[in-house]
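The values are calculated or read from the model by the stated rules, or taken from the named source; none is laboratory data. If you're wondering where the values come from, they're calculated on a predicted model, not measured in any experiment. Backbone-built Cβ (ideal geometry, glycine too); neighbour counts: all protein chains shown. In case anyone asks, the SASA skips ligands and DNA or RNA and just uses the protein heavy atoms, side chains included. Shrake-Rupley method; radii C 1.70, N 1.55, O 1.52, S 1.80 Å.
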Amino acid sequence: MSRGRIRKALSGFYYVDTEAGAVTCRARGKFRQEGRSPLVGDWVEVRETGPGEGMVWEIEPRRTVFDRPAVANVDQLVVVASQAIPVTDPFLIDRVSALAALKGCDVAVCVNKCDISPGEELAAVYRRAGFPVVRTSAETGEGVEELKALIAGKLSAFTGNSGVGKSSLLNAIEPGFSLQVSEVSRKLGRGKHTTRHVELYRLSCGAEVIDTPGFSSFDAQEMDLALKEHLAESFVEFRPYLERCRFVGCGHTREKGCAVLAAVKAGEIPRSRHESYVRLFQELKDLRAWNGRGAGKTV
């Protein structure tokens with residue numbers, strides 16, 4: 001038996017990096033019977049069946065897990081955004097960061113393409129909200145060293161809407177990667193997906209990164225009762241105010257005596273963040289326990 005981490009999952013094969021080298025594996029049949037699957041980022045026990053081949057025999061307990069994209073043990077999500085083409089809707093960042101908070105995963109915000117549009121306005125919103133923020137240009141190299149420091153020693157998943165430059169940033173961080181880069185359609189203002197599967201990369205700066213498809217992968221199936229019940233807590237800058245509201249059970253949308261609303265009015269919470277909260281609140285408010293996605297779902 002040897003221990004390793006799954007680097008890539010593709011067409012039923014799991015590519016595991018172990019101390020003895022890379023092993024191409026199939027999953028043990030019991031996982032399917034138990035309704036489980038090995039995920040990229042998993043630490044696993046491998047039973048070798050031949051030179052460079054084996055079976056994923058056991059999956060170690062996970063610190064964090066996301067269903068879509070299917071990744072495990074991520075320390076932080078690096079949400080790559082842009083105020084150039086394509087312009088990122090802040091709601092997408094807020095939606096992903098709420099899910100990450102629910103699952104105990106940190107979030108950093110990277111505003112890319114700052115050689116085209118500085119993105120300072122967007123960056124300022126998330127600095128005020130308490131997130132680590134870096135402004136970068138994959139073209140000029142601006143901010144790349146700061147981004148390296150932000151991800152060093154962690155397993156980070158890079159995500160963001162298509163065309164914002166996730167793969168370009170990885171190429172800038174680690175020259176020689178030569179990841180395929182999307183071309184942005186100026187007519188549509190969006191990029192074509194170039195990342196077709198989830199893969200873990202080890203970088204020379206001491207970081208590990210997972211490159212994933214874009215925001216569309218964080219779909220409505222994640223927006224379950226657990227998020228509904230903990231939505232206000234998942235907006236980290238709301239937390240100091242949640243116990244100060246006049247009424248128990250305050251929804252923090254338009255109630256009298258709401259400390260969160262007072263903080264928004266005072267400029268202590270960015271207004272765009274509260275607008276995203278209200279939008280999510282409206283999306284989730286009619287969710288019922290009988291729909292099969294209860295708060296007891298494993299996260």
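Take the conditions under 16 Å from K8 (Cα atoms) and buried (at least 16 other Cβ atoms within 10 Å of the Cβ) and apply them to G54. Does it pass? Answer is yes for this residue. Close Cβ contacts (under 6 Å, 6 or more residues apart or on different chains) running from residues in the range 92-112 that are touching a residue at least 12 places away in the same chain (Cβ under 8 Å) and within 17 Å of V71 (Cβ to Cβ) to residues that are open to solvent by 20 Å² or more (accessible area, probe 1.4 Å) and in a helix (DSSP H, G or I) comprise A108/L150. Note on the range 74-153: enclosed helices (runs of 4 or more DSSP H) holding 1 or more residues that are open to solvent by 30 Å² or more (accessible area, probe 1.4 Å), of a type in the set (D, E, K, R) and closer than 22 Å to F235 by Cα are 90-102, 120-128. Residue pairs whose Cβ atoms lie under 9 Å apart, sitting 6 or more positions apart in sequence or on different chains, and linking a residue in the range 264-287 that is on the phi > 0 side of the Ramachandran plot to a partner that is part of a helix (DSSP H, G or I), are G267/R128. Taken together, the residues in the range 154-178 that are part of a strand (DSSP E or B) and free of Cβ contacts under 8 Å to residues at least 40 places away in the same chain amount to 0.
Restricting attention to the range 279-291, the residues that are of a type outside the set (D, E), open to solvent by 40 Å² or more (accessible area, probe 1.4 Å) and either modelled with pLDDT of 90 or more or not in a loop (DSSP other than H, G, I, E, B) (or both) total 6.
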